[in-house]
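Notes follow the structure.
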Amino acid sequence: MPHTDMVSFGIPLLDKLLPKGVWRSSFMLLAGEGGTGKSYILHLLAASTLKRNEPVVYIALDDDPKDIVSSLEAKGVDVENYVENKMLLLVDGYGGRYGYETNTHVAERLRSLDIHAAVSTITRVLDSANISGKGIVVIDSLNPFFQWHETNMVYDFVNMVRILVSKKRNILVAATLHTPTQLYADIAATMEYMVDVFIVLRYHSAATEAGYPVKEILVKKARGTPVAYGWVPFMITDQGIEEVRIRYRSAEEGERQGAQQ
């Protein structure tokens with residue numbers, strides 16, 4: 001029997017861009033340059049999911065789990081409580097690869113980037129906590145896999161997770177891909193056709209040149225659900241991610257201002 005439930009994010013800007021949410025059985029990819037807010041959005045998603053009493057499995061590949069815990073606590077999450085009740089399950093795929101392991105709050109470890117071992121670990125964690133039809137699996141990020149494996153093997157990893165987690169267990173998966181070079185931009189373009197939801201983030205060029213830390217977000221693809229708006233400028237604040245309005249000064253206004261000076 002097909003799953004028909006939708007899930008919203010509990011993040012005002014994303015809920016505005018995806019007014020009906022996304023299918024719970026989706027694999028969602030956030031792609032963009034470093035520093036554009038991808039990991040921060042995943043932290044917000046994890047916090048929002050926990051606060052509505054749904055579990056989070058967080059695969060930490062780019063950051064020490066301690067940093068993720070600190071970020072969640074800063075967002076009002078009682079990490080100790082959620083870990084104790086097996087609602088927050090952190091998988092350390094970061095420190096163990098380099099001989100350094102965080103002991104606190106970690107449920108499982110990835111000691112290598114073997115793709116089949118990673119899939120097995122994810123499904124084992126889900127099954128041990130009896131997670132199906134609820135919650136979210138976060139993978140931050142896919143880049144370490146691309147650094148260690150041929151591109152096609154990582155595509156297989158994404159397909160396996162999409163089939164075994166998103167489709168079979170009806171669990172939303174949210175992953176990030178950093179695109180610092182043209183090679184990774186090309187990889188992101190290929191993955192757009194593989195995933196269910198594809199979100200792009202970038203710096204707002206004009207605002208950045210003027211010295212303002214403004215980013216832009218675009219929901220480029222969301223299978224089976226409406227998408228609102230196009231590129232939306234935003235800033236990261238103490239309140240989360242907030243839409244901002246950019247006022248463009250016309251050439252005529254610039255000439256008038258120059259004449260007045």
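The table that follows gives values for the structure above.
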{"quantity": "Matching residues, the range 91-146, being within 27 Å of residue 183 (Cα to Cα), polar (S, T, N, Q) and assigned to a loop (DSSP other than H, G, I, E, B)", "calculated": "112, 141"}
{"quantity": "Hits in the range 147-180 (condition: open to solvent by less than 40 Å² (accessible area, probe 1.4 Å) and either free of Cβ contacts under 8 Å to residues at least 24 places away in the same chain or part of a helix (DSSP H, G or I) (or both))", "calculated": "154, 155, 157, 158, 161, 165, 166"}
{"quantity": "Selection within the range 38-55 - among the small types (Gly, Ala, Ser) and open to solvent by less than 10 Å² (accessible area, probe 1.4 Å)", "calculated": "46, 47"}
{"quantity": "Complete set of residues in the range 47-81 that are assigned to a helix (DSSP H, G or I), in contact (Cβ under 8 Å) with a residue 12 or more places away in the chain, in contact with a helix residue (DSSP H, G or I) (Cβ under 6 Å, 6 or more places away or on another chain) and not polar (S, T, N, Q)", "calculated": "47, 50, 69, 72, 79"}
{"quantity": "Restricting the range 56-115 to residues that are closer than 26 Å to residue 236 by Cα and of a type in the set (Gly, Ala, Ser), the residue that is surrounded by the fewest Cβ atoms within 10 Å (Cβ to Cβ)", "calculated": "76"}
{"quantity": "The one condition in (1) aliphatic (A, V, I, L, M); (2) assigned to a helix (DSSP H, G or I); (3) under 22 Å from residue 36 (Cα atoms); (4) at pLDDT below 95 that residue 228 fails to fulfil", "calculated": "(2)"}
{"quantity": "Any hit, the range 130-139, residues being loosely packed, with under 14 Cβ neighbours inside 10 Å and touching a residue at least 40 places away in the same chain (Cβ under 8 Å)", "calculated": "yes"}
{"quantity": "The range 190-205, subset in a helix (DSSP H, G or I) and exposed (fewer than 13 other Cβ atoms within 10 Å of the Cβ), residue nearest to the chain's Cα centre (by Cα)", "calculated": "190"}
{"quantity": "Hits in the range 24-36 - residues which are surrounded by fewer than 21 Cβ atoms within 10 Å (Cβ to Cβ) and not acidic (Asp, Glu)", "calculated": "24, 34, 35"}
{"quantity": "Residues (touching a Lys or Arg at 6+ places or on another chain (Cβ under 7 Å) and of a type in the set (Phe, Trp, Tyr)) located in the range 67-118", "calculated": "none"}
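The values are calculated or read from the model by the stated rules, or taken from the named source; none is laboratory data. Please read these numbers as outputs of a predicted model, since none were measured by experiment. Here the Cβ is made from the backbone with ideal geometry for all residues, glycine too, and neighbour counts use every protein chain on show. Accessible surface is based on the protein model in full, side chains and every heavy atom, while ligands, DNA and RNA are left aside. Shrake-Rupley method; radii C 1.70, N 1.55, O 1.52, S 1.80 Å.
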